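Quick note: the coordinates plus some simple rules give every number you see, no bench work behind them. Computed from a predicted structure; not experimentally measured. FYI the Cβ positions are ideal-geometry reconstructions off the backbone, even for glycines, and counts take in every protein chain you see.
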Amino acid sequence: MRFNTRFSAPVFSSRIARTAALLAAGVVGAVVLSACKDGTGHGTANGIRFPDDAQITQALQANFGDDPNNAKARELIQVLGGEKGQLDYKIRRVIWRQGAFEAQYDVSLKMGQPGAVSLQKLYATMVPKNEAAKLPEQTLQAYEDWLKNNAATLEKSNPQQAQALRASLESLGTCYREAKPDDRIALMNGLGALISPAREGWYADRLQSPSVELRCLPL
């Protein structure tokens, strides 16, 4: 996923939508195999050895952390979660696909800072620098007021963009304003990745999916 964390409000929605789409995952037409645990802790079904949740999570973490295309996404996660913020992966289902496995999962953010701090940092990136310099103070309230006024200004020229900005402000406020460190904030549901065996372990390659649901991310 490719997020750009510094942008002006009019292009906010389209950039986030493009980058979030790269996290999307899912493939149709699979046969789901019920897994049981063998003595080694690995799931097995019909003689097929499945990677366990910890191995899948490790592969997903490596994919997110190592892929240069995820640089902007990592910046956004740091803005929202703080330096100690961490992505959490909840594995929903694992499907065998002729030598590889499709993992279907959700992603949440374990907060490393108060949510109000997250909002202030994020909104600061959404206000153009020249406009931010005119504000009487660099606070969450000042940034939020500017963005709301900007949405009102956009109403005549670009009502769709104005609606998206207002909806994003409302959603983000609901998600983060009262959040505390160590709280978990849902980010995306319905993701998927192809998990393939590699010489050094397991390799994750994200899949596109029409079922991805954005939760507490900018719209």
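General observations
- For Ala54 and Ala198, the FRET efficiency from 1/(1 + (r/R0)^6), where r spans their Cβ atoms and R0 equals 22 Å, is about 0.85.
- Asn63 paired with Glu155, simple spin-label distance in nm, labels 7 Å along Cα-to-beta-carbon: 4.3
- Straight-distance crosslink candidates among lysines, where the alpha carbon sits under 25 Å from Lys134 and sequence neighbours closer than 8 are dropped: Lys121, Lys148, Lys156
- Value of Rg to Rh for segment 135-208 (Rh from inverse mean 1/r over Cα pairs, i.e. Kirkwood): 1.21
- In range of the label at Glu178: residues from segment 121-157 whose backbone nitrogen is under 19 Å from the point 7 Å along Cα→Cβ: 141
- Dipole axis of segment 116-178 (+1 Lys, Arg; -1 Asp, Glu on Cβ), positive-most option in Thr153, Gln120, Asn130: Asn130
- The Cα atoms of segment 116-178 cover 31, 28, 14 Å along the three principal axes, with the biggest extent listed first.
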